[in-house]
Amino acid sequence: MSDGARQNLFNLIRIQKDLEKISGQVLARIPRANEVVAEIAELEREAQDFIYHWTEVIALSNDELAAHFVANAPAAFVWLDQPAVEEWIIKAMDAFDNRGLGFAVEVFDELQAYVAAHGDRQTGCQFDQVAGFLRYLVKGLGGRTLQVASEPHAYTDTEKIFLPQALSVLEGQAANASLYKCLAAFLWAQNRYGTWRYRALEEAIRQLDAAETWPLYQRLESVRLCACLERDLPGLQREMEALAYADDSARAAWDTFRARVPSLLAEDATAQTSLALVAELRGLPLPPPLRFQGEMFPARVREALFRRVPREKAALQRALGAMQNELEMHTPDDEQNRPGAQAPNRFSVSKGEDEQGRSDFHELRYNNERVPMGPELESLLDSILQDLGDLDDDYLDPKALRDAYPADRESKQGPGEDPDGHEGGSRVELYPEWDYQRQRFREAFCALTEQDVPFGDEGFAAATREKYRGLSKSIQRVFEAILSEAQRQKKQAHGDELDLDALIEAHVDRLQGREMSDRLYTHLRKSGRSVAVMFMVDMSGSTKGWVNDAERESLILLCDAVATLGDQYAIYGFSGRTNKRCEIYRIKTFDEPYNGAVKRRIAGMAPKAYTRMGVAIRHLGKLLNAVPARTKLLITLSDGKPEDYGSYRGRYGIEDTRHALLEVKRSGIHPFCITIDKEAQSYLPHMYGPSNFTVVDEVQKLPWKVADIYRRLTT
Amino acid sequence: MNTLTNAADRIIDEEPYYEPHGNEVEIFAAAYRNQLPILLKGPTGCGKTRFIHYMSWYLQRPLVTVACHDDLTAADLVGRYLVRGGETEWLDGPLTYAVRHGAICYLDEIVEARKDTSVVIHPLCDDRRILPVDKLGQLLQVPPEFSLVVSFNPGYQSVLKDLKQSTRQRFVALEFGYPEATLEQKIVSTESGVDEDTARRLVKFGEHTRNLKGSGLEEGASTRLLVNAGKLIACGISPAIACDTAVGHALTDDPELLHAVHELAAAVF
């Protein structure tokens, strides 16, 4: 055997050993393991290390998946550079997290598809790159607020605008980004200029058939919408025109087509005009689709419309009912009962006296008196008119609401009433989670809902106050001391009083021929408190028993004390079981005063499931950031380290929590932890930093500690 | 502060350009005649200050404007002793000056001022009509020509800076909003000198940015910003650049929002 061959053999054995060391199972699962090992041996050392590292990380999630990775990894290095390979791995891991093993395996096995898409991405444009901007653009253009989301087809259902995940139709990224913009603007125009207005939609669905006449109708509408855009947004229309056609023959075909339907270019053309033309032009050869034209899914639009129309109708009637009550309160009785007074009081909507006759300008009248609309009502009315064109009388009759709509009942149902939490009812928010092994976020990994805490014993607050009477007094005093820390500053250049001492000194200076100071005033500087505190309370199962009692009692004492300071504060509990069911319990929001309901909710706090902390910190940090205050504190009351069903134990949970804390710190929040876990020394310094936590061995000390933190952090 | 001295110089000679939104001129004049203080509410750049200038001209009274800030105390408004060459010398503050000369005193963004300013504002604003100058030991009786006008912007103030009920219930309140499209168009074209069509597009662009209020932008483009953009356009700057510099960058620093505002401007021109 030659030296080279021997070296080769050693190499193969080394790689085989290395892989076995990482995970014994992985190689056994690969059908052609020998070939794969040989291929890996061909790679650079750096690439080999990369493969080892990721094999190890993936095997932590799933051995089978790791095997598919190893089997495809050598080929991946042939087609992709290392960052692209990493992206490919992350895509598979995300698929595993969110959709399961089958989808993840598919990503690894269909390497060629990924390579092709990757090539496109280099020249194309990703939805994620433009999504933020497009949301603002669509919102800015006006009308009903349309969400922007990604789906394989470009279309709108009148609630959302859907755009493909990536576009590489045109040459270069900028051109594709521009195409995204034109797609979004065109789909916005369908909503704005009445393509999906209720009557037009119903007629279209009745008259048209998918194969033949819908495509014609879509082109007619394109002509009409482009004309509308040209009138209102000429700059945008120029840009759209420039990229609309694939080639000159397409342009010529469109010019001919447009010339046949001059009535659609008129200002008063509607979707009905297009519809009327369908019969006339049936059988005509169609020009190729415009690039930004997207697709039409009338059934999905109809579904969204049927959901929205009754909901908005009820909302409008409710709003008008409230307005009517208010208006009638201000009308003297005799005027209401005056004989011969014009029939019943009623609302009407009329087009405003806008000289340009814009259709989007409306005013609301009550008994022919113009009444001002708030922004909510205005946008509601705008949305309804966008669907219907004009209003039936019963829309404007608050009394018609009595036969309550299902949609109305739905909106009255509080999130807490939903027995299962996540299905329907309460809104689910998705948060990322930090995976320290991958050194990456698992995007949209945690599903979180906010829920109300059921009311507990009414007497709990009073009993607690009675029990800790002495303690609560002294806490109160500490807090009041913080408040009175206003001080008079002497020797100021400006101020409200003369500083006599300084004046005498200056006078002496002058007599002695020295330069006198101009700092002759005193200035009363009150410590302008601007503090917002978020209490994040552990409601995991492990708090059952005296820990839970202690938490509840401390909260009662705390609320009393913080109320004296006038600081803004909120209390939320957190718990959860797996990333799919993270739960946050509202106990007191920032807007809510400290009242009986809050006290009863504190009393009603009960131990739930596990401690998934990262997602709770991210969510509550977001809420806290929405509050205007100079100092923001996130105080966690906890009984142990983060822990959840599944992988959220030990280092993983600690690292995610630490990362979440770093994120909120970066946004200007001071996190602090109060724990009763005596072993906290081993992990809390790593999560919160060496001085941002305190371990309490007796529950009585808990409120004291918080008073301390206040003094330290807010003065 | 020497410029304070000559009251007659402070009367505005030339009629400032102002387009009434409604009947605010009559209401202001009636309140003035009845010696009622006036509160102007409205977003920034919608014409509050211009309105005061106009009313000052309309009523032919001198105008004293104070831009309030967090360190503005009652003493800053009333006056203070200054030390000059070993002597202390009294110097009237803008409010005392306005009272002595029967001027209109305009406190811009009143909520920014220190809370202790209410000590002097309250007795001025009810039927007592007096200004206590405690350091001089004087109670100035306020002449009928004097009028106090304050403004505040309910939109962007934090909850910590709301106007107290005891203060706001002393005023006749006039609410200002952005003018209706046609009126705003007229204002933009008159103020900046651009043609009607450009003004129409600018106003349209303004409306688009106002749609973004609350979802990214704190405020949409004010009439003032649109006028500024118009002035740049009138000087030959291209509309896209004028809108970017005069409006976009004035509204936000967020790159995605800037991009959106830029595209909205490009869309209407």
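The table below lists the values:
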read-out: Cα-based convex hull, region B:181-269, per residue volume (Å³, whole number); value: 72
read-out: Residues A:571, B:187, A:669 arranged by fewest to most Cβ contacts within 10 Å; value: A:669, B:187, A:571
read-out: Among B:101, B:21, B:259, residue whose mean-square fluctuation peaks in a GNM of chain B (springs only between Cα atoms under 10 Å); value: B:259
read-out: For the protein assembly as shown: rounded, prolate or oblate by the Cα gyration tensor [a/c cutoff 1.5]; value: oblate
read-out: Whole-number percent relative contact order across chain A, with pairs defined as alpha carbons under 8 Å at least 6 apart; value: 8
read-out: Inter-chain Cβ neighbour average for residues A:141-151, partner chain, 10 Å; value: 2
read-out: Reach of residue A:678 by Cα under 16 Å, taken over lysines that are not fewer than 8 positions away in the same chain; value: A:641, A:701, A:705
read-out: Contour excess over end-to-end distance, with Cα ends at residue A:103 and residue A:252 and 0.36 nm allotted per residue; value: 49.1 nm
read-out: Prolate/oblate/rounded call for region B:164-216, Cα gyration tensor, a/c under 1.5 rounded; value: oblate
read-out: Cβ-placed point charges (K, R +1; D, E -1), dipole of chain A about Cα centre in debye, nearest 20; value: 1760
read-out: Proxy reagent accessibility, fewest Cβ within 10 Å first, across A:120, A:157; value: A:120, A:157
read-out: HN-Hα J in Hz across region A:278-295 - Karplus 6.51, -1.76, 1.60, θ = phi - 60°, x for Gly and Pro; value: 4, 4, 5, 9, 3, x, 5, x, 8, x, x, x, 5, 5, 9, 6, x, 10
read-out: Global geometry of region A:3-123, whether rounded, prolate or oblate, following the gyration tensor of its Cα atoms and the 1.5 cut on a/c; value: oblate
read-out: Listed residue (A:570, A:585, A:595) projecting farthest to the positive dipole end of region A:552-600, Cβ model; value: A:585
read-out: Cα-projected label distance for residue A:665 with residue A:241, points at 7 Å along beta-carbon direction, nm; value: 5.7
read-out: Amide H contacts of residue A:581 (H built 1.01 Å from N, under 5 Å, at least 5 apart or other chain); value: A:447
read-out: Chain B: relative contact order in percent, alpha carbon pairs under 8 Å with at least 6 residues between; value: 19
read-out: Linear extension gain, residue A:34 paired with residue A:511, 0.36 nm per residue minus alpha-carbon span; value: 161.7 nm
read-out: FRET efficiency estimate (nearest 0.05) - Cβ-Cβ, residue A:212 to residue B:241, R0 56 angstrom; value: 0.70
read-out: Test item: Cα-centred dipole of region A:564-695, Lys/Arg +1 and Asp/Glu -1 on Cβ, debye; value: 280
read-out: Violating pairs (Cα-Cα greater than 21 angstrom) within the set A:139/A:665; B:115/B:164; A:580/A:608; A:313/A:622; A:313/A:588; value: A:139/A:665; A:313/A:622; A:313/A:588
read-out: Cα centre as origin, Lys/Arg/Asp/Glu Cβ charges: region A:1-121 dipole, Debye; value: 340
read-out: Share, in percent, of DSSP beta bridges within the protein assembly as shown that are antiparallel, nearest 5; value: 45
read-out: Residue-span extension gain [residue A:45 to residue A:265] - 0.36 nm each, minus C-alpha spacing; value: 72.6 nm
read-out: For chain B, alpha-carbon Rg and Dmax in angstrom; value: 20.8, 66
read-out: On Cα atoms only, tilt of B:255-268 relative to the major axis of chain B in degrees; value: 70
read-out: Other protein chain Cβ atoms within 10 Å, averaged over every residue that makes up B:66-74; value: 1
read-out: Which of A:667, B:222 has the fewest Cβ neighbours within 10 Å, and the rest in rising order; value: A:667, B:222
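A short reminder: the numbers here are calculations on the coordinates, not readings from a lab. This structure is a prediction, so every number in the text was calculated from the model and none was measured. Positions of Cβ are backbone-derived with ideal geometry, glycine not excepted, and every protein chain shown enters the neighbour counts.
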